[in-house]
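Below you'll find the structure, written out as C-alpha cells, and then a few comments.
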Amino acid sequence: MSEVTPVPAAARGGEPSEPSGTAEMTMAAAINSAFHLAMEADDKIVVLGEDVAEPIGGVFKTSKGLSTKFGTSRVRATPIAEGTIAGAAVGLALGGYRPVAEIMFFDFVTLTLDQVLNHAAKFRYMTGGATPAPLTVTTVIGSSHFGAQHAQSLEAWFMHTPGINVVMPSTPSDAKGLLTSCLRSPDPCLFVQHSGLLYGRKEPVPVGPHTVPFGRARTVRPGRDVTIVTYGPAVAVAEDAAARLAAEGVEAEVIDLRTLVPLDFPAVLESVERTRRAVIVHEATQFCGPGAEIGSRIQEELFGELLAPVLRVGGAYAPVPFSKSLSSHPTAEKVVEKIRGML
C-alpha cells in the first residue's frame, strides 16, 4: 500500500475535543448547539440566508434563536437570491469575518458556483497563502418527494474543485463536531445535511464545544468479509444491509467517511486490504459519483489483493421523481444483493 500524506491539523479543522457531558439531541438540535457555542466564542461568525432569523429560525430550524441572541446584524435574513448570499459571504470572508451562507436546498447551490468554486476556493492558492476565505456554505439534501429541482445530491461537483472541504455527517454528534470544525477552518467548507436525518433519531451529543476533525473516517461496524464505504444518509442503509448479512454469516465492515474532502483513504485502504472486497454506497448519481473515484483508488492500490471487483450502489442517472415509490436511492436490499453476488 502506498503512503498517503497526512492532512495538516489546521486543514482538518483541529484535533478532536474531549467530551464535557452529553445530552440527547437530534441532528438539527446538535447543529443549532454548534452555532450557538461558536458564535459565543467568535464574534466574527455571521449567518446569511433565507429565513435564518426569527420568527422562522431557518426552514429546518437549525438557526433557531440565533438572531434573538446575537442580533440581526449577525444573523441576516436575505432575499431569495442565492448568488447574492454567496457573494456577500465571500466578501465578508475576505474582510476578516467567518460567514455562514445558508442555501435552502443543495440544488440551489448551483447558483453560487462562481462565487464559491471559482473565487473562494482559489484565493489561498492565488495569493500564495496570504488571503484565505474562511466561509461555510450549509445546505440540505434528501427531499426526494420535492422532485427533480429540490432533491439532487451534488457533492461530486465540489469534490472536483481543489480548495474546498466537503462535509457530510451521518449522526447528530458528528454533525455538531464537523460543523464546529467548518466554522474554525481557514478554508471554505461545504456542510451538507440530510433532511431525513435532521429530526430522526436522537443520540448523546457533547453539550459543550465539540470538534470532529476533517479527514478521519469512522468505523461504524467491524467486519472481515467485505467493506462497505459510505457517508451521510447512506450510512443507515449500509448498517441495515450489514445486519441482514450478519444473519447469513457474512461480516460486513461499515466505514463512514464523514468528509469527502479531505477523504480518509488510509482508513478505507486498510479496511479493504483486510476484507479484500469493497462496495461503495451513496445517494448521489452512481455515474461519475464519488464512488467512482474511491473505487478507482482502491483498484489502483489493492488490485492484487482483491477477491472481487469493487462495486457501487448509487442513485440512478435520471432526474429525481416526485413519487417516493419511484425513488432510485440505494436500499439495503440493493446492497445485500451486490454483496451476495461478490462472495
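The values are calculated or read from the model by the stated rules, or taken from the named source; none is laboratory data. Here the structure is a predicted model, which means the values were calculated and not measured. Using ideal geometry, Cβ is built from the backbone for each residue, glycine included, and neighbour counts are taken over all protein chains shown. Only protein heavy atoms, including side chains, enter the accessible area calculation; ligands, DNA and RNA are left aside. Shrake-Rupley method; radii C 1.70, N 1.55, O 1.52, S 1.80 Å.
Can you find, within region 222-243, the residue that is surrounded by the fewest Cβ atoms within 10 Å (Cβ to Cβ) among those that are in contact (Cβ under 8 Å) with a residue 40 or more places away in the chain and of a type in the set (D, E, K, R)? The qualifying residue surrounded by the fewest Cβ atoms within 10 Å (Cβ to Cβ) is R224.
Out of (1) in the same structural domain as V59 (by TED's automatic domain parsing); (2) open to solvent by 20 Å² or more (accessible area, probe 1.4 Å), the odd one out for P172 is which? Only one criterion is unmet by P172, namely (2).
Does R201 satisfy being of a type in the set (D, E, K, R), open to solvent by 10 Å² or more (accessible area, probe 1.4 Å), touching a strand residue (DSSP E or B) at 6+ places or on another chain (Cβ under 9 Å) and not assigned by TED's automatic domain parsing to the domain that holds L260? So R201 does not fit the description; no. Candidates A23, A10, A38: the one that is surrounded by 14 or more Cβ atoms within 10 Å (Cβ to Cβ) and either at pLDDT below 95 or outside any loop (DSSP other than H, G, I, E, B) (or both) is A38. For region 50-64, residues that are closer than 19 Å to K176 by Cβ and open to solvent by less than 20 Å² (accessible area, probe 1.4 Å) total 5.
Hey, among L183, L179, which residue is assigned to a helix (DSSP H, G or I) and either among the acidic types (D, E) or over 13 Å from R258 (Cα atoms) (or both)? Show your work before the answer.
Numbers: L179 fails: either among the acidic types (D, E) or over 13 Å from R258 (Cα atoms) (or both).
Sole residue among the options that is assigned to a helix (DSSP H, G or I) and either among the acidic types (D, E) or over 13 Å from R258 (Cα atoms) (or both): L183.
Of the residues making up region 74-103, those that are in contact (Cβ under 8 Å) with a residue 24 or more places away in the chain and open to solvent by 40 Å² or more (accessible area, probe 1.4 Å) number 10.
Taken over region 308-326, residues that are open to solvent by less than 50 Å² (accessible area, probe 1.4 Å) and not in a strand (DSSP E or B) amount to 6.
Going through K64, K69 one at a time, which residue ends up being among the basic types (K, R), outside any helix (DSSP H, G or I), modelled with pLDDT of 95 or more and out of contact with any Phe, Trp or Tyr (no Cβ under 8 Å at 6 or more places or on another chain)?
Numbers: K69 fails: outside any helix (DSSP H, G or I).
After applying the criteria, what remains is K64.
Checking the condition touching a residue at least 24 places away in the same chain (Cβ under 8 Å), open to solvent by 30 Å² or more (accessible area, probe 1.4 Å) and within 11 Å of V226 (Cα to Cα), which residue from E283, E301, E305, E273 passes?
Working: E283 fails: within 11 Å of V226 (Cα to Cα); E301 fails: within 11 Å of V226 (Cα to Cα); E305 fails: within 11 Å of V226 (Cα to Cα).
On inspection, the qualifying residue turns out to be E273.
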